[in-house]
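Everything on this sheet refers to the single structure shown next.
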Amino acid sequence: MLSSIFNKLKGKKQDSFEVISNLENQNLSISKVDSGGWIEPFSASELLDTDLRQKYLNLIWQQVSMTQDMYNELYEKPIERYAEMVQLLPASEFHHHAHLGGMLDHGLEVILFAAKLRQNYVLPPNAAPEEQAEQKDAWTAATIYLALVHDVGKSIVDIEIHLKGGKRWLAWNGVPTEPYKFKYIKQRDYALHPVIGSFIAHNLISTEAFDWLATYPEVFSTLMYAMSGHYDKAGVLSEIIQKADQRSVALALGGDITKLVQKPVVSFAKQLVLALRHLVSQKLKISEKGPGDGWLTEDGLWLMSKTSADQIRAYLMKQGISVPGDNRKLFDEMQVHNVIERTAEDTAIWHCQLKSNAGWEPKDKFSLLRVKPELIWDNFDDRPALFAGTIRIVSKEENNDIEKTVPNMNISISEVNLTENIEAENSNTIGRTKETSYQEDETGIQNRDNESVDFLLNMFGKEETAPVEKTSEPPETEAMQSRIRVTAETQETNPEISLPVETTMGSIEGQQFVDWLKNKLLNEKLTFNDRTAKIHIVNNSLFIVSPSSFELYLREKGLSYSEEIVNNLQYEFQTLGLHKKRVVGDDTTNFWRCRVIGPRKESFLVGYLIPNTQLFFGERILINNRHLLLEE
């Protein structure tokens with residue numbers, strides 16, 4: 001970032017234009033950047049005096065019910081201190097709000113969303129109404145303070161700030177005393193910034209405010225846990241901030257916020273590039289010698305096609321961005337926007353054979369995408385080492401000959417040989433290098449419609465509604481019913497008899513789904529009770545939406561699936577006996593229906609009901625989704 005944004009202006013017209021353009025867009029004085037790219041510190045009034053930020057501040061004020069003097073003391077002054085501390089730092093290097101001043105914009109957005117979301121909760125949960133009324137302002141303050149500091153630690157952990165005099169400046173010292181530049185730290189600890197945020201909080205929030213919050217022990221302890229990154233002990237407060245953070249990120253990556261404030265929308269081409277940059281830096285393994293998700297050569301960056309497509313789709317959908325569910329359509333979009341390079345046959349997939357100088361040489365071809373390295377890395381020095389070996393493009397004629405000799409198998413040859421080689425080398429990357437061919441593995445993931453971002457667009461207007469997903473119960477085939485029934489009877493009459501291999505493996509797969517879901521929820525990596533969530537709390541039980549929850553599991557595991565595969569996984573889950581069956585007349589069914597309560601047309605969700613929520617959430621206090629009504 002130091003070299004890409006703040007290179008010396010002489011001979012670097014494009015970089016200087018970028019700095020000036022960013023400042024002009026924010027109505028900030030370009031005279032505060034000298035010829036060497038050093039930035040003169042701005043005051044809080046200068047930083048906040050832009051159209052966008054003033055609109056944010058006005059909307060925050062509208063969400064808080066108190067006098068102007070109290071608002072100024074409790075919220076306006078901490079926000080001003082925050083602005084002076086983060087100055088023009090971006091919120092991330094390549095991801096959301098990566099522009100100059102992005103950290104300030106993101107901080108204001110999260111405060112705004114959190115203040116609005118706070119109104120949907122009655123805190124503390126399960127307390128008497130008079131107690132809830134007494135603590136109302138304290139919980140609101142705790143929400144806003146947590147939103148304020150949730151990312152401020154990045155200014156220490158992720159970024160190095162250097163003053164013109166040569167000294168490193170640390171954000172907890174306040175406003176820089178001299179002109180400054182900054183750069184991102186390589187190999188940074190991504191889990192540390194919440195902890196640093198709790199340390200910096202006292203630089204932003206007054207002692208008097210903490211004294212006041214300390215008179216409410218539950219509010220105070222919850223805020224301290226959340227500020228220090230212990231979200232597992234922060235209950236509803238951490239849930240509010242995570243939702244607010246997700247909404248801010250979604251908007252930054254292309255969500256339409258014209259109903260909130262006017263702001264340019266990021267093009268889909270830019271969204272694809274941002275997704276690729278994030279995945280290459282955070283998720284995908286770019287290997288130098290052997291198996292991986294990608295390899296860098298002089299010709300370009302080569303990425304496993306299906307792995308990349310699945311990761312891009314999952315990443316963008318998580319941000320609330322609509323993505324083609326068919327890989328061919330997604331690759332077409334990437335070609336149209338010049339995100340990936342075309343083959344000589346004008347296709348997206350390059351069939352290649354790899355050979356490493358270290359002896360790794362898969363026998364069969366890989367299906368790869370080729371990306372220009374400059375699209376991923378702004379600076380040449382940030383690129384990983386080149387692949388020590390060769391990547392040979394397989395000609396169309398060769399490819400046809402190979403396909404004629406390949407037997408029809410459920411997994412690709414590439415996957416088999418990768419596994420063999422990885423096992424031989426005792427590598428830990430087995431799960432990361434599986435790749436099926438583009439032709440063999442096209443999945444029909446459902447596209448999201450425009451309703452998936454309705455809540456974001458109408459956040460300051462209509463009441464939030466729950467997600468709508470129409471689905472139906474998969475039919476239990478006679479063979480499957482027989483298999484489950486025989487298994488249950490066999491275990492009951494003679495527990496020492498081992499299960500058939502098919503049933504045993506099925507139970508294992510069902511348990512793997514449960515373990516995946518439990519890990520996601522305990523580590524708060526999967527939202528629930530949201531409009532587009534697959535998990536809800538209904539009647540103090542866990543409601544798993546079917547079949548989309550199981551499809552999400554298969555997608556995240558990088559597995560291809562069809563309706564039959566998804567149905568089989570559900571049956572395997574049923575054999576675990578965790579769900580409660582629904583009695584219908586003289587019969588029972590595995591599935592429950594929830595009616596969606598809201599202003600939209602009548603709709604419903606179908607899924608499994610799990611009474612034991614502790615299995616997935618531990619001792620966490622849960623609140624039922626008030627927008628769902630379970631049909632008894």
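Every number in this text was worked out from the coordinates using simple rules, so none of it is lab data. These figures come from a predicted structure and were not determined experimentally. Counting neighbours? That spans all protein chains shown, and the Cβs are built from the backbone with ideal geometry, glycine included.
Things worth noting here:
- Overall form of the stretch 104-165 per C-alpha gyration tensor (a/c, 1.5; a/b vs b/c): prolate
- Members of 318/534; 183/270; 363/557 lying beyond 18 Å, as alpha-carbon distances in this model show: 183/270; 363/557
- For residue 394, the residues whose amide H sits under 5 Å from its own are 351, 352, 353, ignoring neighbours fewer than 5 places away on the same chain, with H placed 1.01 Å from N.
- Length added when fully stretched, residue 232-residue 282, from 0.36 nm per residue minus Cα-Cα: 15.6 nm
- Label-to-label distance, residue 136 versus residue 195, with points set 7 angstrom from Cα along the beta-carbon direction: 3.9 nm.
- Label positions at residue 383 and residue 539, each projected 7 Å from the Cα along the C-beta direction, are separated by 6.0 nm.
- Once the Cβ-Cβ distance of residue 393 and residue 329 is raised to the sixth power relative to R0 = 30 Å, the FRET efficiency obtained is 0.80.
- Summary of packing: across the peptides 130-141, 162-173, the per-residue average of other C-beta atoms within 10 Å ranks them, highest first, as 130-141, 162-173.
- Inter-label distance, residue 66 to residue 120: 2.4 nm, where each label sits 7 Å from its Cα along the C-beta direction.
- The amide H of residue 33, built 1.01 Å from its N in the peptide plane, has 40 as neighbours under 5 Å, considering only residues 5 or more places off or on other chains.
- Extension gain, residue 167 to residue 299: 0.36 nm times the residue separation minus the Cα-Cα distance gives 43.5 nm.
- With a cut-off of 17 Å on the backbone N, the residues of the stretch 52-78 near the modelled label site 7 Å out from residue 43 along Cα-Cβ are 77-78.
- Calculated FRET efficiency for the pair residue 322/residue 55, C-beta based, R₀ 30 Å, to 0.05: 0.70
- Cross-link table 136/233; 116/186; 243/283; 77/116, entries beyond 29 Å C-alpha to C-alpha: 116/186
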